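Chemist: Below: one structure in structure tokens.
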Amino acid sequence: MNLPNEFEEKMKALLGDEFEDYIKCYDEPRYYGLRVNTEKISVEDFVKICPFEITPIPWIDNGFYYDGEKISPAKHPYYFAGLYYLQEPSAMTPANRLPVEPGDRVLDVCAAPGGKATELGAKLQNEGVLVANDISSSRARGLLKNLEVFGIGNMLVMSEEPGRLERYFSGYFDKILIDAPCSGEGMFRKDKKMVRAWEEHGPEFFSKLQRSIITQAARMLKPGGMMLYSTCTFDPLENEGTIEYLLGEYPEFEIQEIAGYEGFAPGRPEVTKSKDPDFAKTVRIFPHHMKGEGHYLALLKKSEDAICPSSPVAEQKAKKIPAELEEFFRDVKWDLKPWRLDIHGERVYYMPENLPELKGARFLRSGLLLGELKKKRFEPSQALAMNLKMEEYAHTLNLSSDDNRLMRYLKGETIDVEDLIPAKAKGWHLVCTDGFPLGWGKVTNGTLKNKYLPGWRNQSA
Ligand SMILES: C[S@@+](CC[C@H](N)C(=O)[O-])C[C@H]1O[C@@H](n2cnc3c(N)ncnc32)[C@H](O)[C@@H]1O
């Protein structure tokens, strides 16, 4: 593979004797990874039902390798049910090593297409709030879909410049992930186009952007909160350099130890101005040390005594539950909290709790879209189907994952379901595969009228 000279010289300086091993790994195949959605299924249970061969990724508790040359997990119904996300193994590390707990307020500043946000959302277990943002609104649309497939409901999906987010979320978050735009040196093996992009915009260009994003994010973190900065590049200016800049601007931050793995290489104090030994607590992932592509991670904590303004929580006023919604929710085993409802025209959203005042903020999605109020009826949304557990809805159609009607359902076809339901059954049914929801359908006379979201229909099946 042809690598730019300037890049090779830099890697020789960074790697010394290891440079030859590093270069050799460009001849090896890339690795494919799958990450289990622990909001929907435990790792143990997934291993029992997984229909193809997987082997554990040793440093990620819910991550597995699969043979991407032979298997296409994106074609299996479990993928449509949001049981897993396909992700390069090293890229699983940042969200895995940020210690998110259910109930936290979490921000993913550069979140699209959602490789890390889906894991942060799963870790929240539908408690607390995930704000997933990306400056690119087209990429943020893909992010929204991925979060909805994963069943994440306690979220806001935004497409803002991080400086604008600060207006609403000053000192608000417990945990922040910054998976920064970068020169992508760690992805050269996986994606050859990254080399051309590096030649156009290298480390100098991205370093400026990263400094601006990390300082904006820093102001949105609570005292005592944790922030994880990651890139998929090796360059010291974009990695240790960005962290050193942050510590200069905000000395209340301290570098934290990252839960270890034998393949992780320590960050480099010697490339910084301060030579602070704490930089060795940051991590570089090199493809010749472990089975994954290149990355860098730094975990930071904001001091408990830090003084920073904090956006107060806004009051959520109780609303009257519309009769159509109330009727539909008689079949849903949820304790619907009226103060969490937000109704805009026909659309009904279920909002996370304890949000700040968000007047003027622009969203791609705020909360879980429950559905639409039509004339005297309520139509449930695809996002609600994905957020529900099968046991939570009274009328279900559970098809085995090898039933060929499933692929027809996912393509948007009407299917015959006489054998699965009582003779007189009619109305909304939650279509599931092996106990995991996929979407809605309406039963009449033994057939299922397809209500799978048209934009999500599977064209390739
Ligand atoms: C490395 S990618 C993120 C990948 C994502 N975290 C994932 O795991 O799927 C970096 C993202 O940063 C976004 N971005 C670039 N500049 C940004 C900015 N100033 N603020 C927020 N996002 C930005 C890009 O659109 C891109 O989607």
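Chemist: Pairs please, first residue from region 128-143 and surrounded by 22 or more Cβ atoms within 10 Å (Cβ to Cβ), second anywhere and of a type in the set (S, T, Y), Cβ atoms under 8 Å, 6+ apart in sequence or on different chains.
Modeler: From region 128-143, the pairs are N133/S159; D134/S159; A140/S159.
Chemist: Restricting attention to region 441-461, which residues are under 24 Å from the mean Cα position of the chain (by Cα) and within 16 Å of N387 (Cβ to Cβ)?
Modeler: Y452, L453, W456
Chemist: Something else now. Determine whether V109 is β-branched (V, I, T) and within 14 Å of the ligand (Cβ to nearest atom).
Modeler: yes
Chemist: Please give the number of the condition L144 fails out of (1) within 13 Å of the ligand (Cβ to nearest atom); (2) part of a strand (DSSP E or B).
Modeler: (2)
Chemist: Collect the residues in region 33-65 that are open to solvent by 30 Å² or more (accessible area, probe 1.4 Å), in contact with a helix residue (DSSP H, G or I) (Cβ under 8 Å, 6 or more places away or on another chain) and without any contact (Cβ under 8 Å) to a residue 60 or more places away in the chain, keeping them in residue-number order.
Modeler: If the condition is that a residue be open to solvent by 30 Å² or more (accessible area, probe 1.4 Å), in contact with a helix residue (DSSP H, G or I) (Cβ under 8 Å, 6 or more places away or on another chain) and without any contact (Cβ under 8 Å) to a residue 60 or more places away in the chain, then F52, I54, D61 are the ones that fit.
Chemist: Just checking, which of L221, L237, L209 is over 20 Å from T93 (Cβ atoms), within 11 Å of the ligand (Cβ to nearest atom) and assigned by TED's automatic domain parsing to the domain that holds E257?
Modeler: Answer to the selection: L209.
Chemist: Looking at (1) surrounded by 20 or more Cβ atoms within 10 Å (Cβ to Cβ); (2) in a strand (DSSP E or B), which one does M386 not meet, given that it meets all the others?
Modeler: Just one mismatch for M386, condition (2).
Chemist: A follow-up question, please. Restricting to region 161-175, count the residues that are open to solvent by less than 20 Å² (accessible area, probe 1.4 Å), within 12 Å of the ligand (Cβ to nearest atom) and closer than 18 Å to P312 by Cα.
Modeler: Number satisfying all stated conditions: 1.
Chemist: Identify, by number, the condition in (1) within 11 Å of the ligand (Cβ to nearest atom); (2) among the charged types (D, E, K, R); (3) open to solvent by 10 Å² or more (accessible area, probe 1.4 Å) that D104 doesn't meet.
Modeler: (1)
Chemist: I've got another one for you. Just to be sure I understand, how many residues within region 107-123 are open to solvent by 10 Å² or more (accessible area, probe 1.4 Å), outside any loop (DSSP other than H, G, I, E, B) and not charged (D, E, K, R)?
Modeler: Residues in region 107-123 being open to solvent by 10 Å² or more (accessible area, probe 1.4 Å), outside any loop (DSSP other than H, G, I, E, B) and not charged (D, E, K, R): 0 in total.
Chemist: How many of the residues making up region 247-296 are more than 19 Å from N96 (Cα to Cα) and part of a strand (DSSP E or B)?
Modeler: Count: 2.
Chemist: Give the residues of region 212-246 that are within 26 Å of Y168 (Cβ to Cβ), in contact with a strand residue (DSSP E or B) (Cβ under 8 Å, 6 or more places away or on another chain) and open to solvent by 10 Å² or more (accessible area, probe 1.4 Å), sorted by residue number.
Modeler: I213, K222, P223, G224, M226
Chemist: Also, I was wondering about something else. Counting only residues that are of a type outside the set (S, T, N, Q) and open to solvent by 10 Å² or more (accessible area, probe 1.4 Å), give me the strands (runs of 3 or more DSSP E) lying completely in region 396-448 with at least 2 of them.
Modeler: Qualifying strands (runs of 3 or more DSSP E): 427-433, 436-444.
Chemist: Condition test on K116, is it more than 9 Å from the ligand (Cβ to nearest atom), within 13 Å of the chain's Cα centre (by Cα) and of a type in the set (D, E, K, R)?
Modeler: no
Chemist: Being touching a residue at least 60 places away in the same chain (Cβ under 8 Å) and part of a loop (DSSP other than H, G, I, E, B) is the filter here, so list the residues in region 452-461 that pass it.
Modeler: Y452, L453, N458, S460, A461
Chemist: Considering only region 79-111, state which residues are aromatic (F, W, Y) and in contact with a strand residue (DSSP E or B) (Cβ under 7 Å, 6 or more places away or on another chain).
Modeler: F80, Y84, Y85
Chemist: Of the residues Y85, Y79, which is of a type in the set (F, W, Y), touching a residue at least 60 places away in the same chain (Cβ under 8 Å) and open to solvent by 20 Å² or more (accessible area, probe 1.4 Å)?
Modeler: Y85
Chemist: Of everything in region 69-101 that's under 21 Å from L156 (Cα atoms) and assigned to a loop (DSSP other than H, G, I, E, B), which residue is nearest to the ligand (Cβ to nearest atom)?
Modeler: L98
Chemist: Would you be able to tell me the number of residues in region 359-383 that are within 28 Å of the chain's Cα centre (by Cα), open to solvent by less than 30 Å² (accessible area, probe 1.4 Å) and at negative phi?
Modeler: Result for region 359-383: 10.
Chemist: Sticking with this structure for a sec: On the given criteria, is G427 free of Cβ contacts under 8 Å to residues at least 12 places away in the same chain and out of contact with any Pro (no Cβ under 9 Å at 6 or more places or on another chain)?
Modeler: Taking the combined requirement at face value, the residue does not satisfy it.
The values are calculated or read from the model by the stated rules, or taken from the named source; none is laboratory data. Quick caveat, the model's predicted, so the values are computed rather than measured. So basically every Cβ, Gly included, is an ideal-geometry build from the backbone, and we count neighbours across all protein chains shown. Only protein heavy atoms, including side chains, enter the accessible area calculation; ligands, DNA and RNA are left aside. Shrake-Rupley method; radii C 1.70, N 1.55, O 1.52, S 1.80 Å.
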